[in-house]
Amino acid sequence: MSVVLDDVTGHYVQVELNGEIIRLYYEEAGQGIPLLCLHTAGSDGRQYREIIRNEFITSKYRVIVPDMPWHGKSSPPSGWQEREYRLSTDDYLNYIIAFMGALELDKPLVMGCSIGGRVVLHLAMAHQDKIGGIIGLQSGLDAGADEYAPENFNHFNRHDIHAGHCATGWMAALIAPQSPDNHRWETLWHYASGGPGVFKGDLHFYSYDGDLRNQALNIDTQQCPVYLLSGEYDWSAPAAGAEEIAQRIPGAYFKKMLAMGHFPMSENPDKFMEYLTPVLEDYIKKRGNASA
Amino acid sequence: MEILMLIDQMNADEVLRRHGVCYSTDISIVIDDDVCHFEIDQGEVKKIDSILPDTGFSINGSRQAWEKFCEDIPPPEFHEPAALIANGHVVIKGDMYTMQSNIMYLRRLLEIWRESKRGEES
């Protein structure tokens, strides 16, 4: 049997966050325009396992997929056992900017899903000069939480419920029925293998701190192209929400992905490529026009 | 006879049995006013009847909602048990903790039940 090695390499990088040195894990493949990929809440960079191996993408883009602190193979801060993890907008942005700085990424195209699809909007609003463009997957202004009630997510972090099984059961409901079983269950495995309290802590950003309903979406799409792709089976960040965002940002691109749920890059990568490819081609064209 | 076949089918399902190895409760699917109650003991379905017990929990929805759930390709919001719950198409009554503590058992039970319903229609 011949051995097939992926052209993907994994690395660790030390990054200073909130005065502490955190060891972050990331994978990369390809050459060209930097494409930074941000995973969803309660999961990790494995969600992009097929995207980072796609030859069309890696022939034109340098794909970089980090695990957030507390997630995947990235470390939590020291003393994690005495802290409650709660992701804030500032923490999230600081991590992304620090990671980009550590790798000296020059104006990457930043693609994020779910919480990542929200934070790319924050990123474009706060740090437009540092990025080349954004792709929001399953972006939404909010998660429909009108009152602060973190106890609603206690079932994801209590001693007498297996958080991995519980997260798997709930996240299964965000995957489209048409998605292939192997990718469905790989996606759910990532949820089954998260650290205690991490998914709930991410939902603090998703449901409360990262809420964008009352903010002006001041993004200049001439400087920072905005692409929004949303799956029709996602009831948590429904496609109508992303469409509304696109209407509020002049020049933004929106496409509803049929037969797709909340995890397009992971639950059905082949189908997702049908939607992502024209976006990546358009971005190359725009970037070429801008530098000409 | 159909009920006995469904019990056999559920008890022959290794995934359901594995999820339920320490799980004993009552789960009822309520369709409008019709009850389908499953008595569960250590993951094994001991009996199915139409009496709503005071114990465990029930998952209550309209016939229309359950019919959508049972379609070959269900529409968005109706395709998975937790999607039905989160979007208010069904309501959980009874012991919420018991439901949350083993949502994978509930998911698998409903999956097998759905397959049996699809089989009835074809």
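Here are the numbers:
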read-out: Exposure proxy ranking, count of Cβ atoms within 10 Å, fewest first, for B:MET5, A:MET100, A:MET68; value: B:MET5, A:MET100, A:MET68
read-out: Counting all C-alpha pairs of the stretch B:2-121, share separated by more than 16 Å (%); value: 58
read-out: Per-residue ³J(HN,Hα) for the stretch A:66-79, Karplus 6.51 cos²θ - 1.76 cosθ + 1.60, θ = phi - 60°, Hz, x for Gly and Pro; value: x, 8, 4, x, 6, 10, x, 9, 7, 7, x, x, 5, x
read-out: Förster radius 30 Å - calculated FRET efficiency between B:ASP41 and B:ASN87 (Cβ-Cβ, nearest 0.05); value: 0.45
read-out: Relative contact order for chain A, counting Cα pairs under 8 Å that sit 6 or more residues apart, in percent; value: 19
read-out: Of the trypsin sites (Lys or Arg not before Pro) in the stretch A:69-103, those whose Cβ has at most 13 other Cβ within 10 Å and which sit in DSSP loop; value: A:ARG83
read-out: Residue order, fewest to most beta carbons within 10 Å, for A:LEU280, A:LEU109, A:LEU38, A:LEU5; value: A:LEU5, A:LEU280, A:LEU109, A:LEU38
read-out: Interchain or long-range residues, amide H under 5 Å from A:GLY140's placed H; value: A:ARG118
read-out: Assigned charges on the beta-carbon of Lys, Arg, Asp, Glu; the stretch B:2-121 dipole about Cα centre (debye); value: 340
read-out: For the stretch A:242-265 versus the stretch A:51-79, the gap between their alpha-carbon centres in whole angstrom; value: 23
read-out: Relative contact order, percent, chain B [alpha-carbon distance under 8 Å, six or more residues apart]; value: 24
read-out: Nitroxide proxy distance, nm - points 7 Å out along Cα→Cβ at B:SER62 and A:THR9; value: 5.9
read-out: Modelled label reach - A:ASN94, point 7 Å along Cα→Cβ, the stretch A:4-41 residues with backbone N closer than 16 Å; value: A:15-24
read-out: Only Lys, Arg (+1) and Asp, Glu (-1) charged, at Cβ; the protein assembly as shown dipole about Cα centre in debye; value: 1140
read-out: Charge dipole of the stretch A:1-121 about the Cα centre (unit charges at C-beta), most positive-ward option of A:VAL3, A:ASN54, A:TRP70; value: A:ASN54
read-out: Theoretical FRET efficiency, 1/(1+(r/R0)^6), r = Cβ-Cβ of A:ARG287 and A:LEU258, R0 30 Å, to 0.05; value: 0.60
read-out: Inter-chain shielding of A:147-159 (mean C-beta neighbours from other protein chains, 10 Å cut-off); value: 1
read-out: Ranked list, fewest to most other Cβ atoms within 10 Å of each Cβ, for A:VAL110, B:VAL15; value: B:VAL15, A:VAL110
read-out: Alpha-carbon centroid distance for the pair the stretch B:1-70 / the stretch A:105-172, whole angstrom; value: 34
read-out: Most fluctuating residue given options A:PRO278, A:PRO264, A:PRO250, as computed from a GNM of chain A linking Cα atoms under 10 Å; value: A:PRO278
read-out: Peptide B:82-88 - average C-beta neighbours from other chains (10 Å radius); value: 4
read-out: Cross-link table A:LYS130/A:LYS286; A:LYS256/A:LYS285; A:LYS73/A:LYS107; B:LYS68/B:LYS117, entries beyond 19 Å C-alpha to C-alpha; value: A:LYS256/A:LYS285; A:LYS73/A:LYS107
read-out: Among B:LEU84, B:PHE57, B:CYS22 - extreme Cα towards positive end, dipole of the stretch B:2-121, charges at beta-carbon; value: B:CYS22
read-out: DSSP bridge pairs, the protein assembly as shown: antiparallel proportion in percent, nearest 5; value: 55
read-out: For the protein assembly as shown, diffusion coefficient by Stokes-Einstein and Kirkwood Rh (Cα), 37 °C, 0.692 mPa s, µm²/s; value: 146
read-out: Among A:TYR92, A:TYR12, A:TYR61: highest mean-square fluctuation, GNM of chain A, C-alpha pairs under 10 Å; value: A:TYR12
read-out: Among beta bridges that DSSP assigns inside the stretch B:2-121, antiparallel share in %, nearest 5; value: 75
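Where a number appears in this text, it was derived from the coordinates with a stated rule and is not lab data. Here the structure is a predicted model, which means the values were calculated and not measured. Here Cβ is always computed from backbone atoms with ideal geometry, including for glycine, and neighbour counts include all displayed protein chains.
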